Amino acid sequence: MKRVFALLLALLMLFSFAACSGSAQDDEEEDPFDMAVSTSDLFWSPEENPNNDKIYFEYINVDEVEIVGFAGSHTAHAVKIPEKIEERKVTSIAADAFKSKTNISAIELPDTVISIGDMAFYGCTELKSIRVPAALQTLGAAALAGCIRLESIVLPETVEEIGFGAFYNCKSLTSATLPANVTVLPEQLFMSCERLATVSWSAAGTEIGDCAFMGCTALVNVNMPATLEKVGNYAFSGCAALEAVTLSATVKVVGVSAFNACAKLSSVTFGATEGWIVAQDTQTDISAWESVNVADPAANAITLTTAYNAYYWQRVQ
């Protein structure tokens, strides 16, 4: 938990990660966010290889291959991962496999890949496009964070899990399409994606995590699912271009400062207008919470961004 918490804090800073302290016993445990570069004696290279690429791999699950590292010329260039290496399917990209590789302009992953690990492409600052596998199931935490030239992302419907901060600080990202199986947008998912204008998300979604869109200053539209139940703390904080929001009747919670610094927000429509109460401290006895009238969309925009900005909102009916 200490390491996860450290990473959450670190994602609030550009390309900076805090070291986690721990007991001797903790030091002996494997750290899922180890910054060390993966190494292997095994590597594959394409037949035509003008950039001297080496794709490092390891054998897993008896007859499969996991990509664990990469080396190539300093010139930014496209990289294609094969479907098979030594007659074994390539099924996963390991954590940190391409981390901070600034010599990759595009990456093509085969459809055999079902998992992309934590921080797999973190800090690939020249990466403009990624061919996402059609059968991908898991995208790890901070998997593409810091890919400041990545322009768009479309995740296939097979994706079931997205790690927190997966697209943090992707400054050039303008659009994103998310699959139906992802019902919860994780914390800091698109945080600091300052050019992100539109997000398409399935109607099956139930929760928008803390800081999910924080600092998305160009965000104009997010199609809020009809099944949405919770908007997390600071979820849309700093979304200066956001003008109107419609929350379905299923929404029961709006977190602290969820719409903080949304300067152009002029309308917030609540599908369910009865039973809304607010408090600055969630530990406050429920009887002491203040009732708030949410019948007027224009008034709601003002209330959410000023008077009750730093309050926790909850619907009790």
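General observations
- Relative contact order, percent, segment 194-317 [alpha-carbon distance under 8 Å, six or more residues apart]: 22 percent
- Isotropic mean projected area of the C-alpha convex hull, segment 173-254 (nm²): 4.3 nm²
- Beta bridges by DSSP in segment 174-317, antiparallel share as percent, to the nearest 5: 35 percent
- Relative contact order, whole percent, for the chain stands at 8, derived from Cα pairs under 8 Å and 6 or more residues apart.
- Proximal charge balance of residue 127 [Cβ under 13 Å; K/R count +1, D/E count -1]: +3
- 41, 118 arranged by Cβ crowding within 10 Å, fewest neighbours leading: 41, 118
- Computed over neighbours whose Cβ is under 9 Å from that of residue 149, the net charge equals 0, Lys and Arg +1, Asp and Glu -1.
- With Rh defined as the Kirkwood radius, the inverse of the mean 1/r over Cα pairs, the Rg/Rh of the chain is 1.03.
- Value of [θ]222 nm, deg cm²/dmol, for the chain, DSSP H segments ≥ 4, -39500 (n - 2.57) each, nearest 500: -2000 deg cm²/dmol
- Phi-based couplings in Hz for segment 121-128 (Karplus 6.51, -1.76, 1.60; Gly and Pro marked x): 10, 4, x, 7, 6, 9, 6, 9
- Gyration tensor (alpha-carbon) shape descriptor, segment 174-317, a/c threshold 1.5: prolate
- Among beta bridges from DSSP that stay inside the chain, the antiparallel ones total about 35%.
- Exposure proxy ranking, count of Cβ atoms within 10 Å, fewest first, for 316, 251, 65: 316, 251, 65
- Taking Lys and Arg as +1 and Asp and Glu as -1, the other residues whose beta-carbon sits under 11 Å from that of residue 313 total +2.
- In segment 83-209, the alpha-carbon atoms span a convex hull of 80 Å³ per residue.
- Mean separation of Cα contacts under 8 Å (6+ apart) over length of segment 95-212, as relative contact order %: 19 percent
- Magnitude of the charge dipole for the chain, about its Cα centre and with charges confined to Cβ atoms of Lys, Arg (+1) and Asp, Glu (-1), is about 1200 debye.
- Think of each Lys and Arg Cβ as +1 and each Asp and Glu Cβ as -1; about the Cα centre, that makes the dipole of segment 34-167 roughly 480 debye.
Bear in mind that the values in this text are calculations on the coordinates, not laboratory data. Nothing here was measured: the structure is a model prediction, and the numbers come from that model. Every residue, glycine as well, gets a Cβ built from its backbone with ideal geometry; the counts of neighbours run over all protein chains shown.
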